[in-house]
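The structure appears right after this line, and notes come after that.
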Amino acid sequence: MKAKILSIIFILGLILSNSCTKDFDEINSNPNNPSADQAAPDMLLTNAIESLTDRVNEIFLGHEMGSAWVQHMAKVQYTDEDRYIYRPDVINTAWNSLYGASGMDVQTIYRIAKKKELKNYEGVSLVLKAYIVSLLTDMFGDIPYTEAWAAVDDVTKTLAKYDTQESIYRDLIAKLDTASSVLLSNDNEAINGDILFSGDVTKWRKFASSLRMRLLLRMSAKDKAFVTTEMKKMIADPAKYPLFASNADHAALVYLGSAPNNNPINENRKTRDDHRLSKTLI
């Protein structure tokens, strides 16, 4: 009887071992986590643009800490921001979102574009990454940059070093120069998923150049010679460095009329009445 039980256990073990190893890799592949070969840059681009814009314009970071601190708006309830007192959770959310949401999407688009030689997506991802990093360094100063998304390619790199704001600014200016060249080299390639400029490569090139000019202006008090040289180069070559010329050019996401695609501030105002125009602005 004991021998019979042992042989049954042995047979069951063989069956289970075969069933556990057969098609193991297919069974354990997550269909909702596509590889770089399967990922769609157009879908990532749509999400990156909206999540980035939502974060910049959301009620706390963009409006209360932005508009209230420069005295465009005033608070009539919960007046912390109006007295230059920030909420730590707002700061943490901005950091996490710009790095882990829109920033990760943009980094993935760049990797896909390089792998598949999609030049326009490469250029667009460089522009968006430069904008995201400029927001982060303007808010926090020295930040992780050169190794910020290194874990995407190497899972062992879990701690990113901090780079100085000066080095970040200089690299962003160089990367935007690269973006201008990349976008100029292949303007017939479609950019799907673009809810910002509807695939208009010329507008992306204007965004790249105008953002580059903004960063140069912010550096002007620190390195006048470098800034002057770079600005003269841009002004002398408008074909390569077209700039925003009117409000029709600016980088502004046009929201839809209802949630979840409604303007965050408009959505907030449906139930709240906390703000007034500031006396300073009036």
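Observations on the model:
- Any chance Asn120 is open to solvent by 10 Å² or more (accessible area, probe 1.4 Å) and either in contact with a His (Cβ under 8 Å, 6 or more places away or on another chain) or closer than 21 Å to Phe207 by Cα (or both): no
- Every residue from segment 194-203 that is touching a residue at least 24 places away in the same chain (Cβ under 8 Å) and more than 15 Å from Ala48 (Cα to Cα): Val201, Thr202, Lys203
- Here His250 meets the list (1) open to solvent by 70 Å² or more (accessible area, probe 1.4 Å); (2) at pLDDT 95 or above; (3) in contact with a helix residue (DSSP H, G or I) (Cβ under 9 Å, 6 or more places away or on another chain); (4) over 26 Å from Trp149 (Cβ atoms) almost entirely, failing just condition (2).
- Being farther than 21 Å from Ile168 by Cβ and β-branched (Val, Ile, Thr) is a property that Ile143 lacks.
- For segment 158-175, residues that are part of a loop (DSSP other than H, G, I, E, B) and surrounded by 14 or more Cβ atoms within 10 Å (Cβ to Cβ) total 1.
Residue-by-condition table, conditions (1) out of contact with any Asp or Glu (no Cβ under 8 Å at 6 or more places or on another chain); (2) open to solvent by 50 Å² or more (accessible area, probe 1.4 Å); (3) touching a residue at least 24 places away in the same chain (Cβ under 8 Å); (4) over 15 Å from Gly62 (Cα atoms):
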{"site": "Ala74", "(1), (2), (3), (4)": "no, no, yes, no"}
{"site": "Gln77", "(1), (2), (3), (4)": "no, yes, yes, yes"}
{"site": "Tyr86", "(1), (2), (3), (4)": "no, yes, no, no"}
{"site": "Asn92", "(1), (2), (3), (4)": "yes, yes, no, no"}
{"site": "Gly103", "(1), (2), (3), (4)": "yes, no, yes, yes"}
{"site": "Ile112", "(1), (2), (3), (4)": "yes, no, yes, yes"}
{"site": "Lys115", "(1), (2), (3), (4)": "no, yes, yes, yes"}
{"site": "Val133", "(1), (2), (3), (4)": "yes, no, yes, yes"}
{"site": "Thr146", "(1), (2), (3), (4)": "no, yes, yes, yes"}
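- The set of residues in segment 263-277 that are surrounded by 14 or more Cβ atoms within 10 Å (Cβ to Cβ), modelled with pLDDT of 85 or more and out of contact with any helix residue (DSSP H, G or I) (no Cβ under 8 Å at 6 or more places or on another chain) contains only Asp274.
- Screening the candidates Ala113, Ala130 for the property of being out of contact with any Leu (no Cβ under 8 Å at 6 or more places or on another chain), small (Gly, Ala, Ser) and not in a loop (DSSP other than H, G, I, E, B) yields one hit, Ala113.
- Number of the condition not met by Tyr255 [criteria: (1) part of a helix (DSSP H, G or I); (2) crowded, with 17+ Cβ neighbours inside 10 Å]: (1)
- Qualifying positions in segment 176-234 - among the small types (Gly, Ala, Ser), open to solvent by 60 Å² or more (accessible area, probe 1.4 Å) and part of a helix (DSSP H, G or I): Ser185, Ala225
The values are calculated or read from the model by the stated rules, or taken from the named source; none is laboratory data. What you see is a predicted model, and the numbers here were worked out from it, not measured in a lab. Glycine also receives a Cβ, built like all others from the backbone with ideal geometry; neighbour counts cover every protein chain displayed. For the accessible areas, the whole protein counts, side chains as well, though only heavy atoms, and no ligand, DNA or RNA atoms are used. Shrake-Rupley method; radii C 1.70, N 1.55, O 1.52, S 1.80 Å.
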